[in-house]
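The values are calculated or read from the model by the stated rules, or taken from the named source; none is laboratory data. Just so it is clear, the structure is predicted and the values come from calculations on it, not from any experiment. Virtual Cβ from ideal backbone geometry, glycine too; neighbours counted across all protein chains shown.
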Amino acid sequence: MADDVRAGPGDDIPEIENTAFDRALSDRYLVYALSTITARSLPDLRDGLKPVHRRLLWAMRQLKLDPASGYKKSARVVGDVIGKYHPHGDASVYDAMVRLAQDFVLRYPLVDGQGNFGNVDGDNAAAYRYTEARLTRTAIELMSGLDEGTVDFKPTYNGEEEEPEIFPGLFPNLLANGASGIAVGMATSIPSHNVAEVINAAMLLIDTPTATHDDIMAVFHGPDFATGGMLVDSPETISASYRTGRGAFRLRARYSTGKDADGLWEPHGIEKLPGGTWQLVISEIPYQVQKGKLIEQIATLIADKKLPILADVRDESDELIRIIIEPKSRNVDPDVLKDSLFRLTDLEVRFSLNLNVLDETRTPGVMGIKPLLQSWLRHQIIILINRTQHRLDKIASRLELLRGYIIAFLNLDRVIEIIRTQDEPKPVMIAEFELNDRQAEAILNMRLRSLRRLEEMELRREHDLLIKEAEGLEKLLASPALQKKRLKQDLTKLRALYGEDTAIARRRTSIEEAAPAREIPLEAMIEREPVTVILSRRGWIKAMKGHADLALSEITKFKEGDGPAFAFHAYSTDKLLIAVDNGRFYTLGAEKLPGARGFGEPVRTMIDVEGDAQIIHVIAYDPKAKLLLAASNGRGFLADMAELIAETRKGRQVVNLKPGVRLLVVRAVAAGADHVAVIGENRKLVVFPLSELPVMARGQGVQLQRYRDGMLSDATTFRMEDGLSWTMGGDSGRMRTEKDMGLWRAARGAAGRLPPNGFPRANRFDG
């Protein structure tokens, strides 16, 4: 395509190059991507740092902000960093510095901050003009050896200063403090780990280079987060993640009231209160979860009534986390409450593992735990060799001077004579005593007090000691076995500083395998209490505590002109089925109903009922029961109640109706019933076997009774052996039963005949 580019007016300018646009764009984007990957987002496995963190620590070292010195303003540090080493925004540099100082972010902080550096609630740090900082002991360990020729230095961006390409310290910062970042086309996510375990794994590889992955995982147990918590994956799952360098961990908060006398966590977190009540105490939260937002999550569950067994959440934290979870009642199952919170909030999170790092050749790649440790050990061997060679060079330089000093002492009178008599004593001394320029200059610069006899003895002793040290260093350089032995000795000293029995390095995250949190049905979260459900004629619904007398006129009140339509006993754990005459069924939870102190609430605010539709029945849900459904045109069927549940506000269309037809009968099939009785507006009664009715989930059903005039009035089920019963008229509430129903028994769809004497004139079985 480049050949097709036409010449333009600027083609004779040497700085302009003709090239295809897509190629130019691709080349430049590749440069940007590589810069993002290698110089911004991915850590180097050798020191576990990104350039901004490395430059921050280097600038603080140049300012002599070691742990024994005083603090300096963070603004001074940020100014030096962006002015000398890292020409980027001050906000991004200060944010990186704040992260290095937060003990709830870094397992082993590298900056010792004084002032407001943010907190686990999610509050931001104060501006850098208000805070002060200095280096921690861990940062000093990480930079140990910078003055010993261990690493190369490179010019800064403007060429005025130098900065180290890498930090040489033995502290395994990559795994100890972890890292996270998003580059172009790749990302990294490394949790923090326990330094003692990392050192144990490294020493295992030194002793046994052929150690297997399983051998390493026997001493290296997995993440150890700054905020503690519990890792609930199985050891096999954790091991598989570290084998490939990719995976995810389930991290949970810790329910606990503290530690016992042996330093062990109290396992359940249940704090007993007077009166037999209790509360849960959360003492540790998952890594990177903000405490303030976590409490807000739990409070939202309470406000939205998504967790009915939860009553309250309180934050009683000081320097230690203490979040109180209060159940609805003392009868709540603590394990159910815990599992529900694990599923619905950030009390359980997943932390991804992506060991994507820059190796010793600054090539990005995902590494398993064994190759990563092997690469880090190779780097430490190189650092050891460089330090040894640097020390040998220093010894050689010192021995050169010592030899000159000793020659001067052996010929002290002649040296003094040359200095006193010669205008240019240096060439004479060089020629007479076979010295080099550096030795001669050192002799001329000696002080008179160093000419004493004792100084000569000290020089000879120092010479012998340096010769002996040099011989040992030469052996070290020549022997890989000695190099590994020295590295192991250094690691042992480091492990003594960060042993598992020390306060800073004691494991915080325990590994306790646990099954995934159960999905608890809503019914299991509701305390089972008896209620009396009341629905008025105008559609106001409420629930009275307890199983009250159904003579409602004396125990509850209604709006003027209103009165009871349905009243029945249920439980707070029940679901209520509401049938509407357009054939739709709706579901409401009894626990969501308003109390009975007032008039209740309009049921139409809870479900979407069409404006002209009328509620014809309300019943407590029984998954094993069947309903007899019949429309005004005499068609009907049986329906399993389990098929009628509709969790949405729009409900479920169950009975398909033609224009002008409405659902008229919704009645539970009586226990042991074997026959159906149907009566029409024409006062004709027909009885037929229940087995002739189909069980359907939706439809019009079959013809129950044939009419010449009028439509269906009522239908019910009964047991033929017991006879057909109906309510007598008036206020007596007496029942009448007709045992012999043979005269009315016919096939389904028959016209029927007049009912027995005394049957209600309203043509209804319930009076």
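Values computed for the structure shown
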{"read-out": "Given (1) modelled with pLDDT under 95; (2) in contact with a Gly (Cβ under 6 Å, 6 or more places away or on another chain); (3) not β-branched (V, I, T), number of the condition K259 does not satisfy", "value": "(2)"}
{"read-out": "Any hit, region 107-119, residues being of a type in the set (S, T, Y) and closer than 29 Å to R378 by Cβ", "value": "yes"}
{"read-out": "Selection within region 229-258 - under 14 Å from I190 (Cα atoms) and hydroxyl-bearing (S, T, Y)", "value": "S241, Y242, T244"}
{"read-out": "First in region 657-685 and at positive phi, second anywhere and basic (K, R) and at pLDDT 90 or above, Cβ under 8 Å, 6 or more apart", "value": "G672/R719"}
{"read-out": "Qualifying residue in region 310-321 (condition: assigned to a strand (DSSP E or B) and in contact (Cβ under 8 Å) with a residue 60 or more places away in the chain)", "value": "no"}
{"read-out": "Single condition K72 does not satisfy, out of (1) touching a strand residue (DSSP E or B) at 6+ places or on another chain (Cβ under 7 Å); (2) crowded, with 19+ Cβ neighbours inside 10 Å", "value": "(2)"}
{"read-out": "Hits in region 678-721 (condition: exposed (fewer than 14 other Cβ atoms within 10 Å of the Cβ), more than 26 Å from N582 (Cβ to Cβ) and either at pLDDT below 90 or over 58 Å from the mean Cα position of the chain (by Cα) (or both))", "value": "P689, R708, E721"}
{"read-out": "Residues of region 490-521 classified as touching a residue at least 12 places away in the same chain (Cβ under 8 Å), closer than 30 Å to S234 by Cβ and aliphatic (A, V, I, L, M), total", "value": "7"}
{"read-out": "Criterion: exposed (fewer than 13 other Cβ atoms within 10 Å of the Cβ) and either of a type outside the set (K, R) or over 30 Å from T38 (Cα atoms) (or both) - qualifying residue of R461, R398", "value": "R461"}
{"read-out": "Qualifying helices (runs of 4 or more DSSP H) (wholly inside region 323-423; at least 3 residues being closer than 30 Å to V281 by Cβ)", "value": "334-344"}
{"read-out": "Positions within region 139-174 being free of Cβ contacts under 8 Å to residues at least 40 places away in the same chain and outside any loop (DSSP other than H, G, I, E, B), in sequence order", "value": "F153, K154, P155, E162"}
{"read-out": "Residue among I679, I645 that is under 28 Å from A613 (Cα atoms) and touching a Pro at 6+ places or on another chain (Cβ under 8 Å)", "value": "I679"}
{"read-out": "Check on E148, over 25 Å from I504 (Cβ atoms) and not hydrophobic (A, V, I, L, M, F, W, C)", "value": "yes"}
{"read-out": "Only listed residue being more than 53 Å from the chain's Cα centre (by Cα) and farther than 30 Å from I385 by Cβ, chosen from A440, A514, A503", "value": "A440"}
{"read-out": "Criterion violated by M711 - all others in (1) touching an Asp or Glu at 6+ places or on another chain (Cβ under 6 Å); (2) free of Cβ contacts under 8 Å to residues at least 24 places away in the same chain satisfied", "value": "(2)"}
{"read-out": "Restricting region 17-40 to residues that are among the polar types (S, T, N, Q) and in a helix (DSSP H, G or I), the residue that is nearest to E165 (Cα to Cα)", "value": "T38"}
{"read-out": "Residue list for region 2-15, restricted to those being surrounded by 10 or more Cβ atoms within 10 Å (Cβ to Cβ) and either at pLDDT below 50 or among the hydrophobic types (A, V, I, L, M, F, W, C) (or both)", "value": "A2, V5"}
{"read-out": "Any hit, region 286-298, residues being of a type in the set (A, V, I, L, M, F, W, C) and surrounded by fewer than 16 Cβ atoms within 10 Å (Cβ to Cβ)", "value": "no"}
{"read-out": "Which numbered condition I199 misses (of (1) within 16 Å of the chain's Cα centre (by Cα); (2) of a type in the set (A, V, I, L, M); (3) part of a helix (DSSP H, G or I))", "value": "(1)"}
{"read-out": "Matching option when the condition is of a type in the set (S, T, Y), modelled with pLDDT of 90 or more and not assigned by TED's automatic domain parsing to the domain that holds D335, among T237, T300", "value": "T237"}
{"read-out": "Filter result for T363 (β-branched (V, I, T), surrounded by 16 or more Cβ atoms within 10 Å (Cβ to Cβ) and at negative phi)", "value": "no"}
{"read-out": "Count of residues meeting criterion [of a type outside the set (D, E), buried (at least 17 other Cβ atoms within 10 Å of the Cβ) and part of a helix (DSSP H, G or I)] in region 76-99", "value": "13"}
{"read-out": "Pick from region 646-661, criterion under 35 Å from the mean Cα position of the chain (by Cα) and either more than 20 Å from A625 (Cβ to Cβ) or at pLDDT 90 or above (or both), ranking: surrounded by the most Cβ atoms within 10 Å (Cβ to Cβ)", "value": "R649"}
{"read-out": "Those residues of region 178-212 which are aliphatic (A, V, I, L, M) and touching a Phe, Trp or Tyr at 6+ places or on another chain (Cβ under 9 Å), in sequence order", "value": "V184, V195, A196, V198, I199, A201, A202, L204"}
{"read-out": "Hey, T227 in a loop (DSSP other than H, G, I, E, B) and farther than 18 Å from M367 by Cβ or not", "value": "yes"}
